[in-house]
Amino acid sequence: MSSGVEADIVLDAAVVLTLGMNRVLGRGGDAAGRGAQALAALAAGRAEAREAALAEVRTHERALREVVERNARIAALAETRAKLGADVALPPPLRPGEESAQELTAWCAATDRLLDEAERRLSEHLAAQVTAQVFTAPAEGLRADTGRTPPPRRGGDDDTQRTLERIMARLLPDAAEGERRAVAEAARLLAAVGTAEEAESVLHEVRLRIREANRRTEDARELARRRAAEREAAEQAEAERRYVLDSITAAFEDMGYEVQPGFETLTAGDGSVVLTKGAWPDHSVRMRVDGAARVEAAMVRERPAESEDDRRVDVEREREWCAAFEAARARLADGGIRSEVSWRVDPGVRELPVGGASRQTGGRSGQRERHRERPT
């Protein structure tokens, strides 16, 4: 390995889980401690202890995500409650701290029951609103706005009224305003029916519209879940990328290198860095971390080599860099970042590229002398 190297990266499960927990918690705290235990056991070679610690991390991380889902449902029902003007109690969200996985799971189970009851009561409140509007206002003047408190009832067919309210209770409370309006428009036809047959026909139409409204509401819920999962995956990938980049930076800084943002883009956080040393006036290493899956590096010269002595120094610098890279790999492995070199060039195999010509650190272009590469 010298002027070019590529290595595939695999994060230890303890790192991945701990990063996820820290994002959920919004801080390090107990989650970081649990992950550290698993990594310490890994570094010490205690397989049984590592598996036990990792199992605990995995269980805790899963419980935290369950809490996040319940908190999201609480927030959604609170928004629905406000729109409907309903007096329905909701449990407070949980801000996880030092709770055990068992305590978090127990909270989720108890909260599920409370949320199911709150959703049922919100549906009943919405049903009562629409039913009251149907039987207390003229058909042509019935409000489609189901988010306001209805006026007092002024009579109507009690059986039909009870039937409508029972059917309306099936409408999911977080149905969109347009969906609620469509149901209300069908229901208000009951105010003008003259026979039981006509009333049943209207009620049938209400059932169909509620079924369609609920389907669309479930679709909207699923879309929201997918988008939340996509955001979660993107945030996790960014957390993993930052962990790898920060760990690599710290490893080389500890070995005496200066690490600066790369020159390839104007954004300092894109994963491109430049490694230099005080004893390297003419050399540097351009490194790029591609997500959290690959690291690519290339040693370059700041000016062209002009003599055999320059080329001798190049080989010395390449050997020094080769040893430093292997030492960094060992340090990173202790931090849960395993790497496998997929391509490299031995010191002195080819002349070092100069400055800006090497900005693509790991490019597999025709410049490679494939017959001289050493597979690993």
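Over all projection directions, the Cα-based convex hull of the stretch 189-337 averages an area of 15.0 nm². Here the peptides 321-331, 8-18 are ranked by packing, the mean other Cβ count within 10 Å, and the order with the highest first is 8-18, 321-331. In terms of overall dimensions, the C-alpha atoms belonging to the stretch 60-124 reach 36, 17, 14 Å along their principal axes, ordered largest to smallest. Taking only the C-alpha atoms of the stretch 281-330, the Rg (one decimal) and the largest Cα-Cα distance, Dmax (whole number), read 12.8, 40 Å.
FYI, it's all coordinate maths here, none of it is from the lab. If you're wondering where the values come from, they're calculated on a predicted model, not measured in any experiment. Virtual Cβ from ideal backbone geometry, glycine too; neighbours counted across all protein chains shown.
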